1. How large is the helix-only mean residue ellipticity at 222 nm for the chain, computed as the sum of -39500 (n - 2.57) over DSSP H runs with n ≥ 4, divided by its residue count, in deg cm²/dmol to the nearest 500?
2. How high is the relative contact order of the chain, in percent, with contacts defined as C-alpha pairs under 8 Å that are six or more residues apart?
3. Can you tally the net charge around ILE204? Count Lys and Arg as +1, Asp and Glu as -1, for every other residue whose Cβ sits under 15 Å from the Cβ of ILE204.
4. So, by mean Cβ neighbours within 10 angstrom, what's the order for 266-274, 281-289 with the highest one leading?
5. How much net charge surrounds ALA129 when only other residues with a Cβ under 13 Å from its Cβ are counted (Lys, Arg +1; Asp, Glu -1)?
6. By how many degrees, 0 to 90 and rounded to 10, does the Cα axis of helix 142-159 deviate from the longest principal axis of the chain?
7. How would CYS276, CYS190 rank on accessible area, largest to smallest, probe 1.4 Å?
8. How much of ILE204 can a 1.4 Å solvent probe reach, expressed as accessible area in Å² and rounded to 10?
Amino acid sequence: MNRNGFRKGAGLLLAAVLAAAVLPALPAGKTGPDQEMGTGFMQLKAYAAQQKGEEIGLDPEWKYADFAAIKSGKAVLYKAQSNRKGKVIAVNAGHGTKGGTSVKTWCHPDKTPKVTGGTTSAGATKAVAVSSGMTFKDGTPESKVTLRMAQILKDKLLAAGYDVLMLRDGEDVQLDNVARSVIANNKADCHIALHWDGDGLSTIKGCFYMSVPDALKTMEPVASHWKEHERLGDCLIEGLRAQGMKIWGSNPLDMDLTQTSYSTIPSVDIELGNQCSRHDDDLLRQEAEGLLKGINSFFGY
Ligand SMILES: [Zn+2]
């Protein structure tokens, strides 16, 4: 068989296998064979579209949208196929925005200075739009691991009936920390940013979350939401602990983050270890299971 013939044959075979795998799971068409074929095809298209996800950009009308500097990218919303819980979890694979360090955004919507150190030091009013993240001891960039973690968590959440808004669904998303938070505010029920800590230590630290510094608890929108941010953080840590993950003895750590400053839904930065931590799929799956436990507990499931 020539190459084209082989391709055509393989294509037909693939279509037949897909139809056999997908169609029986879908409700049957109403009448005669022609209509069933048509309905089946439409259902197949709808199913494929859901698997692909729906792109969601930043609406300039949304509150705080005008504080974003990098905003041309799209988040992607995936919907659970069964056991639907009616909750959308925004999963934020930390870092991963090309050019993110060459632009700055206001640390706080009221333009007051930052109250703790971090990637940007205390006292600054503007911070890099998206930092590049740390590098693991084995040379792997943090942004690669946060993306892999987000993908594993996405599949686990979808299987559990949660819809998932992937704020970064590929290697690069042109959405800064403000844009990601604002999209999550308007399209999700909670926002979980995945990170590993670049603390410079040569020992494994364990998981912790970034809690809200006292000095920010009177600034809106933090004042109205910090208790829910911290309750979400506590639930995630308990889920990870229940899954047997190591928790840092000093958890949580107060940090003035752009994410928190612009969040109007429960929102947390979870650090799943540091640059010495293992980050193979087996461990990431364990951590994702722990996060799922925490999310279930947060929503009362
Ligand atoms: Zn990070």
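The values are calculated or read from the model by the stated rules, or taken from the named source; none is laboratory data. In this text the structure is predicted, and so the values were computed from the model without any measurement. Note that each Cβ is placed from the backbone with ideal geometry, even for glycine, and that neighbours are counted across all protein chains shown. Side chains included, ligands, DNA and RNA excluded: accessible areas come from the protein's heavy atoms. Shrake-Rupley method; radii C 1.70, N 1.55, O 1.52, S 1.80 Å.
1. Helix contribution divided over all residues of the chain: -12500 deg cm²/dmol.
2. On the way: 611 pairs, mean separation 61.5, N = 301.
Computed over the chain, the figure is 20 percent.
3. Numbers: positive: LYS137, LYS205, LYS246, ARG278; negative: ASP138, ASP197, ASP199, GLU271, ASP280, GLU287.
For residues surrounding ILE204, the net value is -2.
4. Working: 266-274: 25.9, 281-289: 17.4.
The most tightly packed comes first, giving 266-274, 281-289.
5. Numbers: positive: LYS71, LYS98, LYS104, LYS126, ARG180; negative: ASP176.
Around ALA129, the charge tally is +4.
6. For 142-159 against the chain, the angle is about 50 degrees.
7. CYS276, CYS190
8. Around 90 Å² of this residue is reachable by solvent.
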